[in-house]
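Colleague: This structure is in structure tokens; I'll ask about it shortly.
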Amino acid sequence: GAFRIPVTIVGAEQVLPVHTVLVGTLTTNNISFQPSVLNFGRVFVGSTASARMLMVNESMLPQRYVFTRLPSFLTVMKVPSDVIQEEEADRTGVQSAVLDGGLDGAFGTLLPGERRQVSVAYTPQSATEMNVRMQLKAITGQLSAREFAVSCQGQGIAPLVELSNTTVQLAAIPSGSASKESVVIRNCSKIPYTMNLVLPSPALAGLKASPVCTTLAPGQSQRIQLEFWATEDYVNLLTPKPPEQETPAEEDEEEQHQQEVSREIRRHGGRRWENEETRSIHANWKLACFLRPEGGKTATKANEAGTSKKENQIVYISVSTCVLPPILTATPAVLDFGEVTAQQRKLLPLTFEAEAGVEPQQLKLDALPQNACFTVLSAARTVSNKPFQLMVEFHPQQVQIYQTSLLVRTQSTQFQVPLLGRGVRPVLKIEPEDGILRLGAVTFGAEGKDNTQEKLTIKNDSPFELRFSLETIASADPNHTGPSPFSMSPSIGVVEAHGSKVVTVTFRPHRPLTVFKEKVLVNVPNQKEPTFVYLYGHCFKHQVYALPDLPFSPFLVSTASRPPALSDSMAVGIGSGANADTGDFEYPQAQQLDFSLKFGEGERSQCLLIGACVPPGFPTAPQNTPAPAYEFQIIQSDYSKYFTLEAPEGGKPDKAGKGQVVPGKPPIRVAFKYTPEENTKLTYGDVSLDLLRGIGQWITCQVRGGLSGGFVPPGASPTQELKIELRAYLQQI
């Protein structure tokens, strides 16, 4: 209360006394604490738990205070003033979980009636119980001194998991870029635990983590990658979005929006503040990591012992982010290569540009992982007033998604540019589907200019481009003085999505040969099965030719090889080596004049192929030649009655046949039929003769044939005489 004391002062040799009054107010020197007891609960060793405490100066005088003899596991910090202002402006009772950034609160001065919030942090150093009393000494005015005590209780417990870092400071980055850091968590207990990391909404924090949920066996470690994206929406989070109608937002609406966002941030364990001078945006988050024992025998025992509640624990990871004004910008912010065919390359530019008014920035690029399939092809240099462009290559090896980040550092900033790409497998189809191309027959000419052509269509049935190359696996008879007999144009190329490309296959033989054949691989990387093209062609000196009934089908590499031209021409009995009249080198005769057709067991038909080459000079200046024709006659003999011929196949069976063939068209088939007597009854009276089944003899029959018309080499006979032997087994019993 107040007091008033009148005082009279009488002086020596002074007639009138002096009257005065002493007036004052009595006040207490008490400081109250709310709460009076701080209970921190169970805290892991190495972790920190904080509790707020309100200090109220009940005196009408200022009081200086200090917390004395604080143990090493207790610290006192002031609650930041901006946190208090946010909470008071919100008036919903939602407090902030982030109290970092406050000044030292172990000492200070409390003004009369002041209410000050401090944060008391408890960091246990061992798994023991804590029950101490914090001592606070206060001096009121200049005379009175008093001591206060605040009880603190808590329990340090052995950690279930170890964190490599409980505080993660992500690199300060400009808007539009990303920053990554990682934390290693290790299970220190003897039972498996399931870890679940709870993240705030990406719209609020811009944070991502991988993995967010996993099970850790005893002693097992797991790396958790934290990623922060400073998107434009994150930077403008506190700015209300403009309505559909172009009307400026009122100040009250903007302030209300900021309060709602700040309240939502505090509810998710975060705090955000912006510095107008530096135009930087800061945020701090407390990420809760829930730990639950994995189900099994161990968890059952824990439940029976009543310790399941104690085993379910929470640890926190503090994550700090900062967004700075851009000093160096990268365009594009995310380098996405899209879908690229596996084992193919794609290049994209990455442009760096420094902001106006900043000092030149010396680029430094961290090395990219080798298995990421991304490569920086350009050397880094200083970026000043002109943009600088880097070329980045993406070369996927497998059909999968690739993702990494290019870390860019300068003397003033650092940021990451995400690199994305996907290796894909295009769907290859060809036409004809069986891959067999028959390019017909060409009349041999000394200049070797005559040729035929066919079309090979390469189709792409996928939504991305297809790159192909045509590679010869088994080559035809080589030409040592000119181009190969088979050529393809184009031999490499790109087929657009859902498109096709036509390849022209040219057959230009350099020598007479019964069959030219070549095996070509349509090389498209990462196909499930290889795709081959089989090329067939013929070349004869005479325009009309006869061939055995060859199977035009896929073949192995071993069946495509043949002796080289030189050794073929010098072989005994195959070629002459030189013309008898002129002495010039001459290729061996390709046309076979003698044929032996053998009917196997159960076979009743054998064929020859009769065709005509394209006329000389084809395709530029084809010559007019007589119509190509053929004629066959079965020679009368003892066994000729068992044989007939069909010219062409499917025609009327007869002992003779003739006809014409069209130049350049596929050859026709002339069929020779064997029709033995069908007598399957092997009995004589009541006696069975099955043991004698199959007794007989081989019989032969001669067929005379002739090929006429068409082009005939100078000095050669206009008719090619063919000798055909038909051989079959005749069962006589």
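Colleague: Please find, within the stretch 668-686, the residue that is modelled with the highest pLDDT out of those that are open to solvent by less than 30 Å² (accessible area, probe 1.4 Å) and part of a loop (DSSP other than H, G, I, E, B). Steps first, answer last, please.
Modeller: Initially, the stretch 668-686 is screened for residues open to solvent by less than 30 Å² (accessible area, probe 1.4 Å), giving 670-672, 674, 676, 682.
Now drop any that are not part of a loop (DSSP other than H, G, I, E, B), which leaves 676, 682.
On the way: Pro676: 88, Leu682: 60.
Result: Pro676.
Colleague: List the residue pairs whose Cβ atoms are under 7 Å apart, where the first residue sits in the stretch 274-286 and is more than 16 Å from Ser179 (Cα to Cα), the second is open to solvent by 60 Å² or more (accessible area, probe 1.4 Å) and part of a strand (DSSP E or B), and the two are 6 or more positions apart or on different chains.
Modeller: Hits for this filter: Lys286/Tyr316.
Colleague: Starting from the stretch 44-64, keep only residues that are assigned to a loop (DSSP other than H, G, I, E, B), then list their pairs with residues that are among the charged types (D, E, K, R) whose Cβ atoms are within a distance under 9 Å, requiring at least 6 positions of separation or different chains.
Modeller: That search, which allows pairs on different chains as well, returns Gly46/Glu162; Pro62/Glu114.
Colleague: Scan Leu199, Leu226, Leu204 and give me the residue that is among the hydrophobic types (A, V, I, L, M, F, W, C), part of a loop (DSSP other than H, G, I, E, B) and on the phi < 0 side of the Ramachandran plot. Write out each step before concluding.
Modeller: Details: Leu226 fails: part of a loop (DSSP other than H, G, I, E, B); Leu204 fails: part of a loop (DSSP other than H, G, I, E, B).
Only one candidate passes the filter, namely Leu199.
Colleague: May I pose another question? Output the number of residues of the stretch 102-118 satisfying the condition of being in contact with a Pro (Cβ under 9 Å, 6 or more places away or on another chain) and either open to solvent by 20 Å² or more (accessible area, probe 1.4 Å) or within 15 Å of Ser50 (Cα to Cα) (or both). It would help to see each step written out before you state the result.
Modeller: Initial filter on the stretch 102-118 (in contact with a Pro (Cβ under 9 Å, 6 or more places away or on another chain)): 102-103, 109-112, 114.
Now narrow it down to the ones that are either open to solvent by 20 Å² or more (accessible area, probe 1.4 Å) or within 15 Å of Ser50 (Cα to Cα) (or both): 102-103, 109, 111-112, 114.
Of the residues in that region, 6 qualify.
Colleague: While we're on this one: When you scan the stretch 82-107, how many residues do you find that are of a type in the set (Gly, Ala, Ser) and under 27 Å from Glu147 (Cα atoms)?
Modeller: Quick first cut of the stretch 82-107, residues of a type in the set (Gly, Ala, Ser) only: 89, 93, 96-97, 101-102, 105-106.
If we keep only those that are under 27 Å from Glu147 (Cα atoms) too, we end up with 102, 105-106.
So the count comes out to 3.
Colleague: Further question on the same structure: One residue is enough: does the stretch 76-98 have a residue meeting the conditions closer than 25 Å to Asn29 by Cβ, in a strand (DSSP E or B), β-branched (Val, Ile, Thr) and open to solvent by 20 Å² or more (accessible area, probe 1.4 Å)?
Modeller: No, because not a single residue in the stretch 76-98 is closer than 25 Å to Asn29 by Cβ, in a strand (DSSP E or B), β-branched (Val, Ile, Thr) and open to solvent by 20 Å² or more (accessible area, probe 1.4 Å).
Colleague: If I ask for residues that are modelled with pLDDT of 90 or more and not in a strand (DSSP E or B), which ones from the stretch 687-712 would you list?
Modeller: Those that are modelled with pLDDT of 90 or more and not in a strand (DSSP E or B): Gly709, Gly710, Phe711, Val712.
Colleague: Among the numbered criteria (1) more than 20 Å from Arg271 (Cβ to Cβ); (2) of a type outside the set (Gly, Ala, Ser); (3) assigned to a strand (DSSP E or B), which single criterion is violated by Pro240?
Modeller: Looking at each condition in turn, Pro240 falls short on (3).
Colleague: For Leu238, only one of the following conditions fails: (1) open to solvent by less than 60 Å² (accessible area, probe 1.4 Å); (2) under 25 Å from Val184 (Cα atoms). What is its number?
Modeller: (2)
Colleague: Using the structure shown, decide if Val417 is out of contact with any Leu (no Cβ under 6 Å at 6 or more places or on another chain), of a type in the set (A, V, I, L, M) and within 30 Å of Pro525 (Cα to Cα). Break it down stepwise before answering.
Modeller: On the way: out of contact with any Leu (no Cβ under 6 Å at 6 or more places or on another chain): no; of a type in the set (A, V, I, L, M): yes; within 30 Å of Pro525 (Cα to Cα): yes.
No, not satisfied.
Colleague: Within the stretch 310-335, take every residue that is outside any strand (DSSP E or B) and among the β-branched types (Val, Ile, Thr) and give me the one that is surrounded by the fewest Cβ atoms within 10 Å (Cβ to Cβ).
Modeller: Of the residues in the stretch 310-335, the ones outside any strand (DSSP E or B) are 310-312, 325-327, 332-334.
So of that shortlist, the ones also among the β-branched types (Val, Ile, Thr) come out as 327, 334.
On the way: Ile327: 18, Val334: 14.
Here the answer is Val334.
Colleague: Next up: Given the condition in contact (Cβ under 8 Å) with a residue 24 or more places away in the chain, outside any helix (DSSP H, G or I) and farther than 22 Å from Trp273 by Cβ, answer yes or no: does some residue in the stretch 2-17 qualify? If you could, list the steps in order and put the result at the bottom.
Modeller: So the first thing to find is which residues in the stretch 2-17 are in contact (Cβ under 8 Å) with a residue 24 or more places away in the chain, and the list is 2.
Now restrict to residues that are outside any helix (DSSP H, G or I): 2.
Now narrow it down to the ones that are farther than 22 Å from Trp273 by Cβ: 2.
Looking through the stretch 2-17, at least one residue is in contact (Cβ under 8 Å) with a residue 24 or more places away in the chain, outside any helix (DSSP H, G or I) and farther than 22 Å from Trp273 by Cβ.
Colleague: Using beta carbons and a limit of 6 Å, which pairs, at least six apart or on different chains, have the first residue in the stretch 98-124 and within 14 Å of Val66 (Cα to Cα) and the second one surrounded by 14 or more Cβ atoms within 10 Å (Cβ to Cβ) and aromatic (Phe, Trp, Tyr)?
Modeller: Pairs that qualify, where the first residue is within 14 Å of Val66 (Cα to Cα) and the partner is surrounded by 14 or more Cβ atoms within 10 Å (Cβ to Cβ) and aromatic (Phe, Trp, Tyr), are Ala106/Phe67.
The rows are residues; the columns are (1) in a loop (DSSP other than H, G, I, E, B); (2) in contact with a strand residue (DSSP E or B) (Cβ under 7 Å, 6 or more places away or on another chain); (3) exposed (fewer than 13 other Cβ atoms within 10 Å of the Cβ); (4) free of Cβ contacts under 8 Å to residues at least 60 places away in the same chain.
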| position | (1), (2), (3), (4) |
| --- | --- |
| Leu347 | no, yes, yes, yes |
| Glu353 | no, yes, no, yes |
| Ala356 | yes, no, yes, yes |
| Asn371 | no, no, yes, yes |
| Lys386 | yes, no, yes, yes |
| Val392 | no, yes, no, yes |
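For every residue, the table says whether it meets (1) of a type outside the set (Gly, Ala, Ser); (2) open to solvent by 50 Å² or more (accessible area, probe 1.4 Å).
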position	(1), (2)
Glu13	yes, yes
Pro17	yes, yes
Gly24	no, no
Thr28	yes, yes
Phe33	yes, no
Leu38	yes, no
Phe44	yes, no
Ala51	no, no
Met55	yes, no
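Colleague: Ok, one more. Quick check: is even one residue across the stretch 292-303 modelled with pLDDT under 80 and on the phi > 0 side of the Ramachandran plot?
Modeller: Pass one, the stretch 292-303, residues modelled with pLDDT under 80: 295-303.
Those left that are additionally on the phi > 0 side of the Ramachandran plot: 296.
Checked against the condition, which is being modelled with pLDDT under 80 and on the phi > 0 side of the Ramachandran plot, the stretch 292-303 yields at least one hit.
Colleague: Determine, yes or no, whether Leu22 is assigned to a strand (DSSP E or B) and touching a Cys at 6+ places or on another chain (Cβ under 7 Å). Steps first, please.
Modeller: Working: assigned to a strand (DSSP E or B): yes; touching a Cys at 6+ places or on another chain (Cβ under 7 Å): no.
Criteria not met by Leu22.
Colleague: Is at least one residue of the stretch 103-120 at pLDDT below 90, under 20 Å from Ser318 (Cα atoms) and of a type in the set (A, V, I, L, M)?
Modeller: yes
Colleague: Still on this structure: Are any residues in the stretch 145-181 in contact with a Ser or Thr (Cβ under 6 Å, 6 or more places away or on another chain) and part of a strand (DSSP E or B), and if so, which ones? Steps first, answer last, please.
Modeller: Of the stretch 145-181, the ones in contact with a Ser or Thr (Cβ under 6 Å, 6 or more places away or on another chain) are 156, 160, 167, 169-171, 173.
Selection gives Gly156, Thr167, Gln169, Ile173.
Colleague: If you don't mind, another one. Could you check the stretch 618-635 and list, in sequence order, the residues that are among the aromatic types (Phe, Trp, Tyr) and part of a loop (DSSP other than H, G, I, E, B)? Full working, then the answer.
Modeller: Just the residues of the stretch 618-635 that are among the aromatic types (Phe, Trp, Tyr), to begin with: 618, 630, 632.
Matches in the stretch 618-635: Phe618 only.
Colleague: Let me ask something else about it. Is it true that Thr68 is among the β-branched types (Val, Ile, Thr) and either open to solvent by 40 Å² or more (accessible area, probe 1.4 Å) or in contact with an Asp or Glu (Cβ under 7 Å, 6 or more places away or on another chain) (or both)? Step through it out loud before you land on a result.
Modeller: Details: among the β-branched types (Val, Ile, Thr): yes; either open to solvent by 40 Å² or more (accessible area, probe 1.4 Å) or in contact with an Asp or Glu (Cβ under 7 Å, 6 or more places away or on another chain) (or both): no.
Spelling it out, it is not the case that Thr68 is among the β-branched types (Val, Ile, Thr) and either open to solvent by 40 Å² or more (accessible area, probe 1.4 Å) or in contact with an Asp or Glu (Cβ under 7 Å, 6 or more places away or on another chain) (or both).
Colleague: Any idea which of Lys658, Lys665, Lys641 is part of a loop (DSSP other than H, G, I, E, B), of a type in the set (Lys, Arg) and either modelled with pLDDT under 95 or loosely packed, with under 14 Cβ neighbours inside 10 Å (or both)?
Modeller: Details: Lys658 fails: part of a loop (DSSP other than H, G, I, E, B); Lys641 fails: part of a loop (DSSP other than H, G, I, E, B).
Among Lys658, Lys665, Lys641, only Lys665 is part of a loop (DSSP other than H, G, I, E, B), of a type in the set (Lys, Arg) and either modelled with pLDDT under 95 or loosely packed, with under 14 Cβ neighbours inside 10 Å (or both).
Colleague: Another question about this same structure. Being assigned to a strand (DSSP E or B) and either in contact with a helix residue (DSSP H, G or I) (Cβ under 9 Å, 6 or more places away or on another chain) or open to solvent by 50 Å² or more (accessible area, probe 1.4 Å) (or both) is the filter here, so list the residues in the stretch 424-453 that pass it.
Modeller: Let us first name the residues in the stretch 424-453 that are assigned to a strand (DSSP E or B), namely 424, 428-431, 436-443, 452-453.
Across the stretch 424-453, the qualifying residues are Lys429, Glu431, Arg438, Gln453.
Colleague: With the requirement that a residue be modelled with pLDDT of 90 or more, part of a strand (DSSP E or B) and touching a Ser or Thr at 6+ places or on another chain (Cβ under 9 Å), what does the stretch 121-144 give you?
Modeller: Ala121, Tyr122, Asn131, Val132, Arg133, Met134, Gln135, Leu136, Lys137, Ala138
Colleague: Inspect all residues belonging to the stretch 262-271 and state whether any of them is at pLDDT 85 or above, closer than 30 Å to Cys188 by Cα and either aromatic (Phe, Trp, Tyr) or not in a loop (DSSP other than H, G, I, E, B) (or both).
Modeller: Yes, the stretch 262-271 has at least one match.
Colleague: Let me ask another. Which of the residues spanning the stretch 473-492 are in a strand (DSSP E or B) and open to solvent by 70 Å² or more (accessible area, probe 1.4 Å)? Give the steps one after another, and end with the answer.
Modeller: Kept after step one, since they are in a strand (DSSP E or B), are these residues of the stretch 473-492: 473-474, 486-489, 492.
Scanning the stretch 473-492 gives Ile473, Ser489, Ile492.
The values are calculated or read from the model by the stated rules, or taken from the named source; none is laboratory data. Source: prediction; values computed, not measured. Cβ: placed from backbone, ideal geometry, glycine included. Neighbour counts: every protein chain shown. Heads up: the accessible areas ignore ligands, DNA and RNA and are worked out on the full protein's heavy atoms, side chains in. Shrake-Rupley method; radii C 1.70, N 1.55, O 1.52, S 1.80 Å.
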